[in-house]
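Read the structure below first, then the notes.
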Amino acid sequence: MSDTLYDYIPYALDDPDDPYCIHTVEEALDYINQVGFLPLFSNDIPGLSLEERTYRMDWWTMEPETDPWTWREILARSGDVVYGKFFQNKSGFVSLAWFPAFANWRRDGYDFDARWEDELATYRQKKIMDQFDLETEWSSYHLKRQAGFGKGGEKGFEGTVTKLQMQTYLCIGDFSRKVSKAGNEYGMANSVYSMPERIWGYDYIAKGYKEEPEQSAARIRSFMKENYPAAADEQVRRVIGV
């Protein structure tokens with residue numbers, strides 16, 4: 001792989017021998033740790049996605065050794081990286097080294113309870129977050145029902161959960177499939193949500209609170225401009241949110 005992080009790569013690679021190509025989940029993790037922030041799919045910053053660093057024919061083959069779509073499940077449950085809808089309401093990865101600063105900025109220094117007390121959170125968000133006082137993790141379909149969304153209940157479940165991820169109060173720590181009465185898994189993989197504090201500990205998140213949110217944002221901006229110097233400030237603001 002090239003040492004240059006920023007290069008214009010308009011879509012998934014056509015050549016598996018391309019020097020930019022990531023071939024394994026281990027290489028993907030190394031790259032996430034190198035760049036700090038990595039959306040799953042292409043976005044406003046060319047080259048800043050797992051899609052653009054992988055061979056197009058490997059996608060959706062369901063082969064865990066080579067399929068980047070499957071890697072997202074492996075990486076999410078590994079605990080070695082934070083995964084969720086963090087970038088323009090779309091999925092991607094944040095390295096453990098950068099997540100406390102990222103959360104400090106996205107949360108504006110607020111734990112969720114403090115945000116609720118200051119009337120900055122919605123009732124729908126509160127209904128979802130309250131469920132994590134009962135269980136440390138919830139599959140998407142169970143959380144929706146438990147929090148009172150769906151038929152005859154609250155609307156906007158997907159949008160509310162996405163907002164909570166964008167604010168870093170929730171992440172995707174695993175995936176699960178529904179189980180039939182016979183005990184067989186079926187259907188598409190469902191996200192399993194958790195609070196980052198429940199996976200990595202409160203002290204890990206609280207490291208970010210030692211500086212002002214804008215200081216965290218400034219450090220992230222500087223890091224992004226160092227790694228992706230051709231990215232305009234507005235592109236960084238839209239994709240990374242700083």
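Dipole magnitude of the chain about its Cα centre, charges +1 at Lys/Arg Cβ and -1 at Asp/Glu Cβ only, in debye to the nearest 20? Walk me through the intermediate numbers first.
Numbers: 28 positive and 40 negative charges, 253 e Å.
Around 1220 debye, computed over the chain.
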When the chain is treated as a Gaussian network with springs between alpha carbons less than 10 Å apart, the largest mean-square fluctuation among LYS90, LYS181, LYS127 is found at LYS181
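In debye, nearest 20: dipole of the stretch 185-242 around its Cα centre with unit charges on the Cβ of K, R (+) and D, E (-)?
Details: 8 positive and 9 negative charges, 20 e Å.
Using only the charged Cβ atoms, the result is roughly 100 debye.
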Most fluctuating of ASP67, ASP113, ASP58 in the GNM of the chain (C-alpha, under 10 Å) is ASP113
Contact order relative to length for the chain, counting C-alpha pairs under 8 Å separated by 6 or more residues, stands in percent at 21
Where a ≥ b ≥ c are root eigenvalues of the Cα gyration tensor, a/c under 1.5 meaning rounded, otherwise prolate if a/b exceeds b/c and oblate otherwise, the stretch 103-155 counts as prolate
Taking a label point 7 Å from the Cα of THR24 along Cα-to-Cβ, the residues of the stretch 61-93 whose backbone nitrogen sits under 19 Å from it are 62-81
Restricting to aspartates and glutamates and to Cα separations under 16 Å from LYS90, and discarding same-chain partners fewer than 8 apart, the set is ASP44, GLU51, GLU52, GLU73, GLU158
When the charge dipole of the stretch 1-120 is computed with +1 at the Cβ of Lys and Arg and -1 at the Cβ of Asp and Glu, the Cα pointing farthest to the positive end, of CYS21, TRP98, TRP71, is that of TRP98
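Local charge sum around SER176 (other residues, Cβ-Cβ under 11 Å, Lys/Arg +1, Asp/Glu -1)? List each step's numbers first, then the result.
Working: positive: ARG77, ARG177, LYS178; negative: GLU73, GLU137, ASP174, GLU185.
With Lys, Arg at +1 and Asp, Glu at -1, the net is -1.
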Any GluC sites (Glu not before Pro) in the stretch 109-187 that lie in a DSSP loop and have at most 11 other Cβ atoms within 10 Å would be GLU119
Non-local residues with an amide H under 5 Å from the amide H of ARG177, with H modelled 1.01 Å from N and Pro and chain starts lacking one, are ASN190
Applying the gyration tensor rule to the Cα atoms of the chain (axes a ≥ b ≥ c; rounded if a/c under 1.5, else prolate if a/b exceeds b/c, else oblate), the class is oblate
Calc'd 3J(HN,Hα), the stretch 24-39, phi into Karplus 6.51 cos²θ - 1.76 cosθ + 1.60 (θ = phi - 60°), Hz, glycine/Pro = x, comes to 9, 5, 5, 5, 4, 4, 4, 5, 4, 5, 6, 8, x, 9, 9, x
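Compute the relative contact order of the stretch 1-122 as a whole-number percentage, counting only Cα pairs closer than 8 Å that sit 6 or more residues apart in sequence.
Working: 171 pairs, mean separation 28.1, N = 122.
Value for the stretch 1-122: 23 percent.
When DSSP assigns beta bridges and you keep just the ones with both residues in the chain, what percent turn out antiparallel, to the nearest 5? Could the numbers behind the result be given before it?
Values: 19 of 21 bridges.
Bridges in the chain that DSSP calls antiparallel: roughly 90 percent.
Mind checking the dipole of the stretch 8-122: about its Cα centre, +1 per Lys or Arg Cβ, -1 per Asp or Glu Cβ, Debye to the nearest 20?
Working: 9 positive and 22 negative charges, 68 e Å.
Dipole size: approximately 320 debye.
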Expressed in nanometres to one decimal, the distance between label points 7 Å along Cα→Cβ at ALA182 and ALA97 is 4.9
Residue-ordered couplings for the stretch 44-52, obtained by feeding phi - 60° into the Karplus form 6.51 cos²θ - 1.76 cosθ + 1.60 and rounding to whole Hz (Gly and Pro as x), are 6, 9, x, x, 8, 6, 5, 3, 7
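Divide by every residue of the chain the summed helix terms, -39500 (n - 2.57) for each DSSP H run of at least 4, and state the resulting mean residue ellipticity at 222 nm, rounded to the nearest 500 deg cm²/dmol.
Working: 11 runs with 94 residues, N = 242.
Here the helix-only value at 222 nm equals -10500 deg cm²/dmol.
Students often check this: by mean Cβ neighbours within 10 Å, which of 170-177, 99-106 ranks highest, and how do the rest follow? Provide the component values of the computation, followed by the final result.
On the way: 170-177: 21.1, 99-106: 24.6.
Top to bottom by mean Cβ count within 10 Å: 99-106, 170-177.
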Straight-line reach check, LYS178, cutoff 17 Å on alpha carbons, 8 or more apart in-chain or any other chain, hits among lysines -> LYS144
With the 1.4 Å probe rolled over protein heavy atoms, the chain has an accessible area per residue in Å² of 49
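The values are calculated or read from the model by the stated rules, or taken from the named source; none is laboratory data. All values reported here derive from a predicted model rather than from experimental measurement. Neighbour counts are summed over all protein chains in view; Cβ atoms, including those assigned to glycine, are modelled from backbone coordinates with ideal geometry. Please note that ligands, DNA and RNA were not included when accessible areas were found on the heavy atoms of the full protein model with its side chains. Shrake-Rupley method; radii C 1.70, N 1.55, O 1.52, S 1.80 Å.
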